[in-house]
Amino acid sequence: MGRVVEVDFGENVFELRFEKDGRTMTYVGIRGPELGETETVEYTAIATAPDQYLLYWTEPVHRATVVQVQDWYGRRVHTNITGEGLEFTHLSGTLRDKGPR
């Protein structure tokens, strides 16, 4: 993919920096309480409809699992995270393509 995507959840904003290999991504907190948080992960992406993708990955450092639906037609993102204590967090926000990596 080789692109940078901004996901804005309101309080927290992240960049998802996708490598060209189609399986490696680094996320970076760029605004909010998660500012500076970063981790590189291996993800899986599945096209579920035109301009809609299901992505999932594990975060070994933060001990979390993430499932994300990216709706590029509507420019929306829906993310579900399970943390180390098995707590479940649901976030919704907007997507923006910031261009090539």
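Throughout, read-outs are computed from the coordinates displayed, never taken from laboratory work. Everything quoted here is computed from the prediction, not taken from an experiment. Ideal geometry is used to build each Cβ from the backbone, glycine not excepted, and the neighbour counts take in all protein chains shown.
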Task: Per-residue HN-Hα couplings for region 36-51 [Karplus 6.51, -1.76, 1.60; θ = phi - 60°; Hz; x = Gly/Pro] - done: x, 5, 8, 6, 9, 9, 9, 10, 10, 10, 10, 6, 9, 6, x, 6
- [ ] Please list, in chain and number order, the residues 5+ apart from residue 76 or on another chain whose amide H is under 5 Å from its amide H, with Hs placed from the backbone.
- [x] 71, 95
Open item on the list: Going by amide H atoms built from the backbone, whose H comes under 5 Å of the H on residue 52, apart from near neighbours?
Closed with: 72
Task: Tail weight of P(r) past 18 Å, computed on alpha-carbon pairs of the chain, percent - done: 44 percent
Task: Calculated FRET efficiency for the pair residue 92/residue 47, C-beta based, R₀ 22 Å, to 0.05 - done: 0.60
